[in-house]
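The values are calculated or read from the model by the stated rules, or taken from the named source; none is laboratory data. No experiment lies behind these values; they were computed from the predicted model shown. Using ideal geometry, Cβ is built from the backbone for each residue, glycine included, and neighbour counts are taken over all protein chains shown. Calculation scope for accessible area: heavy atoms of the full protein, side chains included, ligands and nucleic acids excluded. Shrake-Rupley method; radii C 1.70, N 1.55, O 1.52, S 1.80 Å.
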Amino acid sequence: MKAIISHDIDHLTAWEHLTRDLIIPKFIIRSKIELLSGKISAKEFLTRGADFFKNKWENIDELNTFNRANGVPSSFFIGVKNGLGLSYPLSASSMWIKNLIEKDCEVGVHGIEFESAEKIQAEYDLFKSVSGLSSFGTRMHYVRKNESTFDNMSRAGYLYDSSEYAFRNPYRIGEMWEFPFQVMDSWEMEAGKRWQTRNLEQAKEATKKDIEKAFTANLDFIGIIFHDRYFSKSFGTWMNWYAWLVDYLAENKIECVNFRAAINELNNAQ
């Protein structure tokens, strides 16, 4: 079994949310709950406040540097449209897309449109125009989908998608590969809540069970989602969980690959 680790970019700055959504008040409430419940320290709480005034809610370069040092190919999904708390402007998205491509990262769409075939196509075309890429993948923001989303993604031209949570191997939908994922940072940390409910050791044990479940299911690839937002001392447990996970995969001889390398393996096996 090999691992595909990918990163969803939900935020770039704090101030992009000032007039567009309720992310900031939700963030304040969440942080207070985590502080009062003992899940984060006072220092961590104050660091989150400092990050807000620095207007920096992304940790893309820091995460990419860590990945390179640890043999993890960096795969990022970044939005080109707004919705559900994804509020950064296209100009900022465009800058980061070009930056990541220059650094040889795999870059795909963090999709907003999932209901309309026309809107899915328009989002695909917009990313293609901005990025200059001829082929790329997608993952839906909040992994939203309906009964026709995947078929419409395939028709739009996406090379791959990773919006399905399932313990099953990758499979084709038309010309598109669907890569189910099995591990997500927020699910391991929050256990169904909107705030952190597990400490580091509890999160580790939950993750080990998911990895063992993937082995039992004879998966060729295990999909792991980690948001760049959490690669920060202001989210110390999350950051430490990710560092532990990368080490745990290496200790268990689970090689990390990106989606394109996995697709090449799958195509060669056919």
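Looking at (1) farther than 25 Å from Trp57 by Cα; (2) touching a residue at least 24 places away in the same chain (Cβ under 8 Å); (3) not β-branched (Val, Ile, Thr), find the lone condition where Gly85 falls short.
Of (1) farther than 25 Å from Trp57 by Cα; (2) touching a residue at least 24 places away in the same chain (Cβ under 8 Å); (3) not β-branched (Val, Ile, Thr), only one is false for Gly85: (1).
Give Ser74, Ser31 a once-over and let me know the one that is modelled with pLDDT of 95 or more and under 22 Å from Trp15 (Cα atoms).
Testing whether each residue is modelled with pLDDT of 95 or more and under 22 Å from Trp15 (Cα atoms) leaves just Ser31.
Give me a count of the residues in segment 11-27 that are farther than 17 Å from Tyr230 by Cβ and open to solvent by 30 Å² or more (accessible area, probe 1.4 Å).
Qualifying residue count for the region: 7.
Among the numbered criteria (1) of a type in the set (Phe, Trp, Tyr); (2) over 30 Å from Asp220 (Cα atoms); (3) surrounded by 17 or more Cβ atoms within 10 Å (Cβ to Cβ), which one does Phe66 miss?
The one condition Phe66 does not meet is (2).
For every residue, the table says whether it meets (1) among the charged types (D, E, K, R); (2) closer than 20 Å to Asp51 by Cα; (3) touching a helix residue (DSSP H, G or I) at 6+ places or on another chain (Cβ under 7 Å).
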| residue | (1), (2), (3) |
| --- | --- |
| Gly192 | no, no, no |
| Arg198 | yes, no, yes |
| Ala203 | no, no, yes |
| Thr207 | no, no, yes |
| Ile211 | no, no, no |
| Ala214 | no, no, no |
| Phe221 | no, no, yes |
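Looking only at residues that are within 17 Å of the chain's Cα centre (by Cα) and among the polar types (S, T, N, Q) in segment 189-236, which one is farthest from Ala262 (Cα to Cα)?
Ser232
Residues in segment 40-58: is at least one within 25 Å of Ala261 (Cα to Cα), buried (at least 18 other Cβ atoms within 10 Å of the Cβ), of a type in the set (A, V, I, L, M, F, W, C) and within 18 Å of the chain's Cα centre (by Cα)?
No: zero hits.
Within segment 28-39, restricting attention to residues that are among the charged types (D, E, K, R) and not in a loop (DSSP other than H, G, I, E, B), which residue is surrounded by the fewest Cβ atoms within 10 Å (Cβ to Cβ)?
Filtering first and then ranking leaves Lys32.
Could you pull out the residue among Ile263, Ile222, Ile254 that is assigned to a loop (DSSP other than H, G, I, E, B) and surrounded by 15 or more Cβ atoms within 10 Å (Cβ to Cβ)?
Ile254 is the lone residue from the list that is assigned to a loop (DSSP other than H, G, I, E, B) and surrounded by 15 or more Cβ atoms within 10 Å (Cβ to Cβ).
Scan segment 42-69 and report the pairs whose first residue is among the basic types (Lys, Arg) and whose second residue is open to solvent by less than 40 Å² (accessible area, probe 1.4 Å) and modelled with pLDDT of 95 or more, with Cβ atoms within less than 6 Å and a gap of 6+ or a chain change.
Filtered contacts from segment 42-69: Arg48/Ser31; Arg48/Ser234.
Exactly one condition in (1) in a helix (DSSP H, G or I); (2) over 25 Å from Glu255 (Cβ atoms) is false for Val109; which is it?
Unmet for Val109, out of (1) in a helix (DSSP H, G or I); (2) over 25 Å from Glu255 (Cβ atoms): (1).
Scanning segment 139-182 for residues that are charged (D, E, K, R) and farther than 25 Å from Ser129 by Cα, which turns out most open to solvent (accessible area, probe 1.4 Å)?
Glu147
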